[in-house]
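Please read the structure below before turning to the comments.
The values are calculated or read from the model by the stated rules, or taken from the named source; none is laboratory data. Values in this document were obtained by computation on a predicted structure and should not be read as measured data. Because the Cβ atoms are built from the backbone with ideal geometry, glycine has one as well, and the counts that use them run over all protein chains shown. Just so you know, the surface numbers come from the protein's heavy atoms only, side chains and all, with ligands and any DNA or RNA stripped out. Shrake-Rupley method; radii C 1.70, N 1.55, O 1.52, S 1.80 Å.
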Amino acid sequence: MKNRAVIPVAALCALLGAGVFSWWKARATPTPPGPAVSAVSPPVPSAPRVGTPALRRAVPTAAPADTPSAAPALLPLPGSLQDTEEDGSAQVDASGHLVVSADLRRLFDYYLSAMGEEGLPVIRERILASLRAKNLPASAMEEAVRVLDDYLAYRDAARAFAANQRSTELDVGARLESLRELRREHLGPWAEGLFGDEERVDAVSVERMKLQQDTTLSPEERERRIAALDEQLPAEHRASRDEALRPLRQQAVERELVESGASAEDLRQHRLATVGAEATERLEALDREEAEWKRRLAEFRSRRETLGQSEPNPAARQAAVQRLLFDSFTPEERLRVEALDAIDAAAGAP
């Protein structure tokens, strides 16, 4: 019985020899760096290459665990990230070096948003797995690991800074300047690529607040200076802000037209000229919905006032008003009615 369980010596030696050869071949054959990233962006001034020499603090080299062959298996994404799309991106320049930009920070922050659901080591490995999956050149991958670890160190320092500043009397401008210095202390020249556009937007916002509070300026001078400030904003930010403000500006112009005596046809022609036929139809549909809402609200308030005059018992009157509210509006509309009532009450208060 014992002899049946013993493998012939020659076969065993052959198996061991083949296994050792396969192991040696896998260790001795270098892993190719992978294909270049399909979309290679040219160098961007505001997002410096990591590969260029710069005076900055020493960064430890990536640990062996950062290599693709040693990547551990990860559990499924935490609940907050499931059924979502990864934000941000990682790009390289024409020479194969990583471009440090706000897009890279958004990629880091996408996974870091799950802090509390997962520990930082797991989140760090998720970010590294995402970077590996993008087939970055070897130099860019090494640079990405260094940027990530410095970014994580900065986040720790920023949390400590925020905790220490809670009892300190600093205005917004001073706090933002302190954060700017902290970023350059921990991130060196990479801070410009990760935070440069955001810092320029913050600086303009601080100056805008100062202008709004400056009582020595005339309205015209204030608007002129604010317009000059806005020209300092990054082009992408200006475009998105203008897009967000367009409906408000449209409403303001239309309100002026109506107050000046413009007819419904005048308003329609203005919309056709400024936003086009499709948007004009949507705006007219919204006008009809708003008019119907105002009619229903006025009818409800009229009936509520009648109840207030005809029902002397306070408890019965309140119950009747609640029934009327529930019969007249959906749950979402009831919240809107209550909010409008609160606004009207506050406006009428002494």
Near pairs, Cβ below 8 angstrom, 6+ apart or cross-chain, from region 134-145 (among the hydroxyl-bearing types (Ser, Thr, Tyr)) to any residue that is open to solvent by 30 Å² or more (accessible area, probe 1.4 Å): SER139/GLY51; SER139/HIS97
Residue check, ALA319 open to solvent by less than 70 Å² (accessible area, probe 1.4 Å), in a helix (DSSP H, G or I), free of Cβ contacts under 8 Å to residues at least 60 places away in the same chain and closer than 30 Å to GLN250 by Cβ: no
Filter region 80-98 for residues that are among the acidic types (Asp, Glu) and open to solvent by 20 Å² or more (accessible area, probe 1.4 Å); which is nearest to GLU192 (Cα to Cα)? ASP87
Does GLY188 qualify as being at positive phi and in contact (Cβ under 8 Å) with a residue 60 or more places away in the chain? yes
One residue from LEU283, LEU267, LEU272, LEU257 being in a helix (DSSP H, G or I), farther than 28 Å from ASP327 by Cα, open to solvent by less than 80 Å² (accessible area, probe 1.4 Å) and in contact with a Ser or Thr (Cβ under 6 Å, 6 or more places away or on another chain): LEU272
So is GLU299 loosely packed, with under 11 Cβ neighbours inside 10 Å and either in a helix (DSSP H, G or I) or touching a residue at least 60 places away in the same chain (Cβ under 8 Å) (or both) or not? no
In the list GLY173, GLY193, which residue meets the criterion of being in contact (Cβ under 8 Å) with a residue 24 or more places away in the chain, crowded, with 16+ Cβ neighbours inside 10 Å and assigned to a helix (DSSP H, G or I)? GLY193
Which one is farthest from PHE329 (Cα to Cα), of the residues in region 248-305 that are under 34 Å from the mean Cα position of the chain (by Cα) and among the β-branched types (Val, Ile, Thr)? THR274
Considering (1) of a type in the set (Asp, Glu); (2) farther than 26 Å from LEU104 by Cβ; (3) buried (at least 16 other Cβ atoms within 10 Å of the Cβ), say which one GLU221 fails and leave the rest. (3)
Residue selected from region 99-157 under the condition among the acidic types (Asp, Glu) and not in a helix (DSSP H, G or I), by the criterion surrounded by the fewest Cβ atoms within 10 Å (Cβ to Cβ): GLU117
Restricting the first residue to region 201-216 and requiring it to be closer than 12 Å to VAL172 by Cβ, which pairs with a second residue that is open to solvent by 60 Å² or more (accessible area, probe 1.4 Å) and hydrophobic (A, V, I, L, M, F, W, C) meet a Cβ separation below 9 Å and a spacing of at least six or different chains? ASP202/VAL172; SER205/VAL172; VAL206/VAL172; MET209/VAL172
Among the candidates LEU233, LEU229, single out the residue that is assigned to a loop (DSSP other than H, G, I, E, B), in contact with a helix residue (DSSP H, G or I) (Cβ under 7 Å, 6 or more places away or on another chain) and modelled with pLDDT under 85. LEU233
